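Structure record follows, encoded as structure tokens.
Throughout, read-outs are computed from the coordinates displayed, never taken from laboratory work. In this text, all values refer to a predicted model and were calculated from it rather than measured experimentally. Neighbour counts run over all protein chains shown; Cβ positions are idealised from the backbone, glycine included.
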Amino acid sequence: MTKKRFKLESSKIVYLILVGIVFLELIASIISVVLADDADIRDAGISNIFLAILAIALFSIPWIIESRFKLDIPNYLEILVLIFLFCAIVLGNIHGFLVSINGYDKVLHIVSGITISIIAFEIIHFYNQSRELSQQMNTRLVSIFAFTFAITLLVFWEFYEFIVDTIAYNSNEDTLRNMQRYQWENLIPIFPQDNGLVDTMLDLIVGSIGAFVVSIVGWKLLDYKQFKKNKKR
């Protein structure tokens, strides 16, 4: 009982800390919009307000899922998702780390592949818990599902980046987005295509590597647990 209470409290503490930080970011963005005497500063402030609200909403998803579907999301997974969202939305977009720090985007994609794969493992674990032993998925299928699940979501994210960049490009020059880094010059001499294609493919590759590592490690861990369980019988 004590252990469960600690798990709930630790994830809630992380949640409250991150929400508090984002709330301060929201207030600062509102002030910048009110006091801005430059259109670019005002637009950046409005964008940051939207991102801050989005971050707070996404931070709340684990608790909404737990309360609505009566699930017990592992504490470590809640904290991992919260920190990932904070790094992606607040640090990456609001503070511009995605542009100002070389390689930050690729680190996020590796972590996203890892996180999504872990979520997939937990989904199957929940499924197996509610089924008889004969109906449970074997460890190899679980590993394959985790990997393909992660790849699918990574691909959908690249679809999203392409659609947003395309709509922004065709709407108004003032709303241009560069999520695919298509406006950057390709400085990789071994690749003849533009930087947008390089960025997209590297995002998918590094994300796939993260998902692959988790899938293999998860598979071996499940095999080991199954071996120990069979040995006790």
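Could you check the spin-label model distance between Val213 and Leu54? Points 7 Å from the Cα along Cα→Cβ, value in nm.
Modelled inter-label distance: 2.7 nm.
Can you give me the orientation-averaged projected area of the convex hull built on the Cα atoms of the chain, in nm²? Show your work: numbers first, answer last.
Values: hull surface 66.6 nm².
The Cα convex hull of the chain, projected and averaged over all directions, gives 16.7 nm².
Wrap a convex hull around the Cα atoms of region 102-233, take a quarter of its surface area, and give that in square nanometres.
Working: hull surface 42.8 nm².
Result: a mean projected hull area of 10.7 nm².
Length gain on complete extension for the stretch Asp223 to Ser171, per 0.36 nm per residue less the alpha carbon to alpha carbon distance?
On the way: separation 52, 0.36 × 52 = 18.72 nm, distance 5.24 nm.
Contour length minus Cα-Cα distance gives 13.5 nm.
Kirkwood hydrodynamic radius, computed over distinct alpha-carbon pairs, for region 1-97: how many Å, to one decimal?
Details: mean 1/r = 0.0689 Å⁻¹.
Final number for the Kirkwood radius of region 1-97 is 14.5 Å.
Which residue, chosen from Val90, Asn138, Met179, occupies the Cα position most advanced towards the positive end of the dipole of region 73-185, where the dipole is computed from +1 (Lys, Arg) and -1 (Asp, Glu) charges on Cβ about the Cα centre?
Positive-most Cα among the choices belongs to Asn138.
For the chain, what does -39500 (n - 2.57) per DSSP helix run (n ≥ 4), summed and divided by total residues, give at 222 nm, in deg cm²/dmol to the nearest 500?
Values: 8 runs with 176 residues, N = 233.
Mean residue ellipticity at 222 nm (helix-derived): -26500 deg cm²/dmol.
Set Lys and Arg Cβ to +1 and Asp and Glu Cβ to -1, take the dipole of region 102-233 about its Cα centre, and tell me which of Tyr104, Ser117, Leu222 lies farthest positive.
Result: Leu222.
Would you count, across the chain, every pair of lysines whose alpha carbons are under 17 angstrom apart, provided the pair is eight or more residues apart or spans two chains?
7
Calculated FRET efficiency, Phe23 and Met201, Cβ-Cβ r, R0 30 Å, to nearest 0.05? Don't jump to the answer; show the numbers that get you there.
Working: r = 37 Å, r/R0 = 1.24.
Calculated transfer efficiency: 0.20.
Quick check for me: using +1 on Lys/Arg Cβ and -1 on Asp/Glu Cβ, what's the dipole size of the chain about its Cα centre, in debye to the nearest 20?
Numbers: 20 positive and 22 negative charges, 481 e Å.
So the magnitude is around 2300 debye.
With +1 on each Lys and Arg Cβ and -1 on each Asp and Glu Cβ, and nothing else charged, work out how big the dipole of region 54-184 is about its Cα centre, in Debye to the nearest 20.
Details: 7 positive and 11 negative charges, 56 e Å.
Using Cβ point charges on Lys, Arg, Asp and Glu, region 54-184 gives about 280 debye.
Work through the residues other than Ile94 whose Cβ is under 14 Å from its Cβ and net out their charges, Lys, Arg +1 and Asp, Glu -1. It would help to have the intermediate numbers written out before the result.
Details: positive: none; negative: Glu25, Asp43.
Combined, the nearby Lys, Arg, Asp and Glu give -2.
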